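Student: Just dropping this structure here.
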Amino acid sequence: MANRVSKLAEATTRARQLKAELGTELREARLGRGLRLVDVAGAVSTSASHISRIERGLTGDLSLLHLAGHGTVVGLRLHARFYPAGGGLRDAAQLDLLRRLRARIGDRWSWQLEAPLNIAGDLRAFDALLTNGETKVAIEAITRLRDAQAQLRAAALKQRDGHVARLVMVIRATNYNRAALTSAADVLATTFPLGTRATLAALQVGADPGDNGIVLL
């Protein structure tokens with residue numbers, strides 16, 4: 001729980017930083033066009049003091065519609081997207097996958113849930129990190145493969161950035177997920193060559209699997 005509260009605090013801090021950064025961009029764009037605060041305020045139907053507060057990152061919640069309109073007036077186009085950060089709420093099915101994996105491989109491994117990548121400013125985390133002596137295995141639990149190729153590649157990128165030698169994707173064994181894995185055969189062949197049997201056999205004896213693997217449970 002403390003880890004989750006910490007991540008929410010980090011998100012709040014980042015939101016404040018984003019407001020300040022966007023405000024600076026809006027101010028510089030306005031000045032670059034020779035516009036006054038009152039000019040922008042009139043175009044977006046608000047007050048000059050409100051525009052000033054936005055530029056200084058001092059406003060409360062701002063709608064994307066308002067920001068997009070404000071940006072258009074000063075010649076900017078708003079673009080926003082989310083990036084995987086890890087540490088989000090897990091559903092019961094995902095937690096069940098992790099419990100079932102732990103039951104299958106026994107107690108030879110030390111478990112760390114929500115293991116961060118330990119990169120400054122990077123909020124991503126592995127769903128679990130297994131440690132046995134010098135051997136470390138990152139675990140990602142997926143209940144439904146919405147876009148198999150994209151999800152597997154994102155996990156592999158997290159592995160690279162987290163400097164973990166082995167990554168195991170634990171995926172719920174449904175017909176839908178099996179079909180999705182078949183569609184991503186090219187990614188599996190190069191990035192996750194080990195299957196359920198070989199991966200579990202290594203983990204059950206506390207050994208390095210020797211490569212990345214997919215486990216269907």
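Nothing in this text is a laboratory measurement; each read-out follows from the coordinates by a stated rule. It should be emphasised that the depicted structure is a prediction, and the values quoted were computed from it without experimental measurement. Here Cβ is always computed from backbone atoms with ideal geometry, including for glycine, and neighbour counts include all displayed protein chains.
Student: Please report Arg16, Arg77, Arg27 as a ranked list, fewest other C-beta atoms within 10 angstrom at the top and most at the bottom.
Tutor: Details: Arg16 12, Arg77 7, Arg27 19.
Neighbour counts put them in this order, fewest first: Arg77, Arg16, Arg27.
Student: While we're looking at this one, here's another question. Full extension from Arg178 to His79: what is 0.36 nm times the residue separation minus their Cα-Cα distance, to one decimal in nm? Can you show the working numbers first?
Tutor: On the way: separation 99, 0.36 × 99 = 35.64 nm, distance 3.52 nm.
Gain on stretching Arg178 to His79: 32.1 nm.
Student: With a cut-off of at most 10 other beta carbons within 10 Å, and DSSP calling the residue loop, which GluC sites (Glu not before Pro) in region 98-159 qualify? Please list them. Write out the running numbers ahead of the final one.
Tutor: Values: sites: Glu114, Glu134, Glu140; in loops: Glu134.
The qualifying sites are Glu134.
Student: Follow-up question, since we're still on this one. What is the helix-to-structure angle for 148-162, meaning the angle in degrees between its Cα long axis and the longest Cα principal axis of the chain, kept from 0 to 90 and rounded to the nearest 10?
Tutor: Orientation of helix 148-162: about 90 degrees from the principal axis.
Student: At 7 Å along the Cα-to-beta-carbon direction for both Leu64 and Ala198, put a label point, then send me their distance in nm to one decimal.
Tutor: Distance between the two pseudo-spin positions: 4.2 nm.
Student: Convert 4 °C to kelvin, take the viscosity as 1.567 mPa s, use the Kirkwood radius over C-alpha pairs of the chain as Rh, and evaluate the Stokes-Einstein diffusion coefficient in µm²/s, rounded to a whole number.
Tutor: 64
Student: Got a sec? How would Val215, Val38 order by Cβ neighbour count within 10 Å, fewest to most?
Tutor: Details: Val215 26, Val38 12.
Arranged by neighbour count, lowest to highest, Val215, Val38 become Val38, Val215.
Student: State whether region 109-217 is rounded, prolate or oblate according to the following rule on the C-alpha gyration tensor (a ≥ b ≥ c being the square roots of its eigenvalues): a/c under 1.5 gives rounded; otherwise a/b larger than b/c gives prolate, and the remaining case gives oblate.
Tutor: Details: a/c = 1.76, a/b = 1.22, b/c = 1.44.
It comes out oblate by the Cα gyration axes.
Student: Is the C-alpha gyration tensor of region 2-73 telling us rounded, prolate or oblate? Criteria: a/c under 1.5 is rounded; beyond that, a/b larger than b/c is prolate, otherwise oblate.
Tutor: Prolate, since a/c reaches 1.5 and a/b exceeds b/c.
Student: How many angstrom lie between the C-alpha centres of region 140-207 and region 6-55?
Tutor: Value for the Cα centre distance between the two parts: 43 Å.
Student: Rounded to the nearest 10 degrees, what's the angle between the helix 2-32 long axis and the longest principal axis of the chain, both from Cα atoms, 0 to 90?
Tutor: Roughly 40 degrees between the two axes.
Student: Could you give me the ³J(HN,Hα) list for region 135-146, computed from phi with Karplus coefficients 6.51, -1.76, 1.60 and θ = phi - 60°, whole Hz, x at Gly and Pro?
Tutor: After applying 6.51 cos²θ - 1.76 cosθ + 1.60, I find 8, 10, 10, 7, 10, 10, 9, 10, 8, 8, 8, 6 Hz.
Student: Moving on. I'd like the orientation of helix 64-73 relative to the chain: the angle between its Cα long axis and the longest Cα principal axis, in ° from 0 to 90, rounded to 10.
Tutor: Once rounded, one gets 50 degrees.
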